[in-house]
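Here's the structure, in structure tokens; my notes come after.
What follows draws every value from the coordinates through simple rules; no lab data is involved. In this text the structure is predicted, and so the values were computed from the model without any measurement. Here the Cβ is made from the backbone with ideal geometry for all residues, glycine too, and neighbour counts use every protein chain on show.
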Amino acid sequence: MTQVPRISFVFLDSETTGLSRPRVSELSLVAVHRCSLLQPPRDPDSGLPLPPRIVDKLTLCMTPQKPFEPAAEELTGLSNWSLQENGKPGFDQAVVQAIECFLARQAGPVCLVAHNGFGYDFPLLRAELDRLEADLPPATGCLDTLLALRELEKPCKRSYQLVELYKRYYGQGPELAHSAEGDVHTLLMVFLFRAPKLVEWAAYNARSWADILPLYPQSPRDSSIELSGEFSPSGSIGG
DNA sequence: TGCCAGGCCCTCTTTAGGGCCTT
């Protein structure tokens, strides 16, 4: 059997204001013991993996200080109004500290796992951290299940949307979709279905967090939004 | 004023174009 370095896997999903220079509105991190990934409990009838014991979980909602795109607001059920009304601060130093503490609790090295992570979640997290001049531990690894599963299932050409993968593996749709916590659970179950291959794949193909570039560069416009600290619910910024 | 993502992958490809994937 191939020897695979001992890695802690942390599953990550973010909800955002949309697809154009997005800001994070919700972030969810889930840690599962390595043995739970490789030897999960299984349904005695179907043999399919059952949800494993989650050992650490962090879900944070935050006011993104940028108007939601209508499609994102409808999809996620979050809005600038609801988040601000509930007094949720933005992606600030407290969020950075929460992430740092969460990762520090895991037996290192940590490998973050996200679906389309290289194209979206990781560069987005990098952009948010850059804005605060913060960073993650340099030894942090990154695994993109979209890239990995496309590679492992070649020549499969069917959809690789997270929900479609879940349906394909488990024969039904996930219970929760388009909340960070719901999607991270869906991601975890998709990972479990292919866990031995993905764990081995990660050992040789995970990228370093240090190689993740921000989704977009910081601009003076970002700073002006930040400094204004407010936005109008109608969508205009700063008057 | 007007526009508004972008990287990756596949193929009817490579001097390109279109679809996928994330919200």
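A Cβ-based charge dipole, computed about the Cα centre of chain A with Lys and Arg at +1 and Asp and Glu at -1, lands at about 880 debye. Using the empirical formula 2.2 N^0.38 Å as the baseline, the Cα radius of gyration of the stretch A:67-138 reaches a ratio of 1.29. Mean sequence separation of contacting Cα pairs (under 8 Å, at least six apart), scaled by the length of the stretch A:1-77, corresponds to a relative contact order of 33 percent. Each of A:S79, A:P109, A:T63 was scored by the projection of its Cα onto the charge dipole of the stretch A:8-216, and the greatest displacement toward the positive side belongs to A:P109; charges sit on the C-beta of Lys, Arg, Asp and Glu. Close amide H partners of A:V113, meaning residues 5 or more places away or on another chain with modelled amide H under 5 Å apart, are A:V10, A:F11, A:L12, A:L143. Structural size metrics of chain A, computed from C-alpha coordinates, are Rg and Dmax of 18.2, 63 Å. The local environment of A:G141, defined by Cβ-Cβ distances under 13 Å, has a net charge of 0 under the rule Lys, Arg +1 and Asp, Glu -1.
Please report the base-10 log of the normalised intensity I(q)/I(0) for the stretch A:92-193, using a Debye sum with one equal scatterer per alpha carbon and no solvent, at each q in 0.25 (1/Å). Log10 of I(q)/I(0), two decimals: -1.40. Scattering from the stretch A:1-100 was approximated by placing one identical point on each alpha carbon and applying the Debye formula without solvent; log10 I(q)/I(0) at 0.10, 0.13, 0.20 1/Å stands at -0.42, -0.63, -0.97. In this calculation the C-beta distance from A:L38 to A:S82 is compared with R0 = 41 Å, giving a FRET efficiency of 0.55.
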